[in-house]
Amino acid sequence: MADPHKSPSAEERELKFSNVELSSLRDRLSDLEAERVSAPSFEDNWIFDRNGELLDEACFLRLRLDGQGAQLTYKGPARFEGHTKIRLEHQTRVEDADSAREILESLGYTVTRRYQKMREVWRLGGVVISLDHTPIGDFAEFEGDGGEKVAERCGFVAADAERRAYLRLYEDYLVENPDAPRDMTFRDD
């Protein structure tokens, strides 16, 4: 089966909503006869940069460890069509996360941030719906062509979509909660 997190093209089309009642959304997805692709599983995301060059371009390079192994992702700057966030995205599964990290570090990249979440994945037609439990709350992401329509069928208003990525959300959270950990993690490792 294809990776449910990967768009058929190199373009990610996404709407994200915050303060989501995940159990209600799960019930609604069942009512819509959506397919549950995966049960909640832990994700650990490591963000790499080299002298701020990716951050300066509003891009990022991520190594994700999840229930299926490891995945390396590059995301380009975001643009918006209406309420849908669109980014260039290239990703691939990697066999050995430690080796991938060593390669990135050999190229001068270092870990600049880290974030964790529990993610449950559903699919309705060509839209992938991710139910995310994070240290700063619960979110839902609708990814793919038709994401706005599926989000609306689930009771969301596209105009309320969150424009910020998890890293920016956490940066803003830190301003209001200066004693919180530097990284968006459930535990200190």
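The values are calculated or read from the model by the stated rules, or taken from the named source; none is laboratory data. Just so it is clear, the structure is predicted and the values come from calculations on it, not from any experiment. A quick note on method: Cβ atoms are made from the backbone with ideal geometry, for glycine too, and the neighbour counts reach across all protein chains shown.
Checking residue 20 against (1) at pLDDT below 95; (2) in contact with a Gly (Cβ under 9 Å, 6 or more places away or on another chain), which single condition isn't satisfied?
Of (1) at pLDDT below 95; (2) in contact with a Gly (Cβ under 9 Å, 6 or more places away or on another chain), only one is false for residue 20: (1).
Looking only at the stretch 73-112, count every residue that is of a type in the set (Lys, Arg), surrounded by 17 or more Cβ atoms within 10 Å (Cβ to Cβ) and under 19 Å from the mean Cα position of the chain (by Cα) and tell me the total.
Matching residues across the stretch 73-112 total 3.
Quick check on the stretch 133-141. Is at least one of its residues more than 24 Å from residue 176 (Cβ to Cβ) and either modelled with pLDDT of 95 or more or not in a strand (DSSP E or B) (or both)?
No; the residues of the stretch 133-141 include none that is more than 24 Å from residue 176 (Cβ to Cβ) and either modelled with pLDDT of 95 or more or not in a strand (DSSP E or B) (or both).
With (1) closer than 23 Å to residue 77 by Cα; (2) at pLDDT 95 or above; (3) surrounded by fewer than 16 Cβ atoms within 10 Å (Cβ to Cβ) as the list, and residue 164 as the residue in question, which single condition is left unmet?
(2)
What number of residues within the stretch 128-138 satisfy the criterion of being in contact (Cβ under 8 Å) with a residue 60 or more places away in the chain, among the hydrophobic types (A, V, I, L, M, F, W, C) and more than 11 Å from residue 14 (Cβ to Cβ)?
Of the residues in that region, 1 qualify.
Looking at 70, 58, which is the one that is assigned to a strand (DSSP E or B) and over 13 Å from the mean Cα position of the chain (by Cα)?
Result: 70 is the single residue among 70, 58 that is assigned to a strand (DSSP E or B) and over 13 Å from the mean Cα position of the chain (by Cα).
For the list (1) surrounded by fewer than 17 Cβ atoms within 10 Å (Cβ to Cβ); (2) under 29 Å from residue 154 (Cβ atoms); (3) not polar (S, T, N, Q), I need the number of the one condition that residue 56 fails.
(2)
Among the residues of the stretch 28-35, are any within 16 Å of the chain's Cα centre (by Cα) and either surrounded by 12 or more Cβ atoms within 10 Å (Cβ to Cβ) or at pLDDT below 95 (or both)?
no
Quick one: what pairs do we get from the stretch 15-32, first residue within 15 Å of residue 137 (Cα to Cα), second β-branched (Val, Ile, Thr), C-beta under 9 Å, 6+ apart or different chains?
Once the first residue is within 15 Å of residue 137 (Cα to Cα) and sits in the stretch 15-32, its partners that are β-branched (Val, Ile, Thr) give 17/157; 18/136; 25/129.
Would you point out the residue of the stretch 142-174, among those that are assigned to a loop (DSSP other than H, G, I, E, B), more than 13 Å from the chain's Cα centre (by Cα) and among the aliphatic types (A, V, I, L, M), that is farthest from residue 68 (Cα to Cα)?
The residue in question is 157.
Can you tell me which of 73, 92, 112 is out of contact with any Asp or Glu (no Cβ under 6 Å at 6 or more places or on another chain), within 28 Å of residue 174 (Cα to Cα) and among the hydroxyl-bearing types (Ser, Thr, Tyr)?
None of the others qualify; the one that does is 73.
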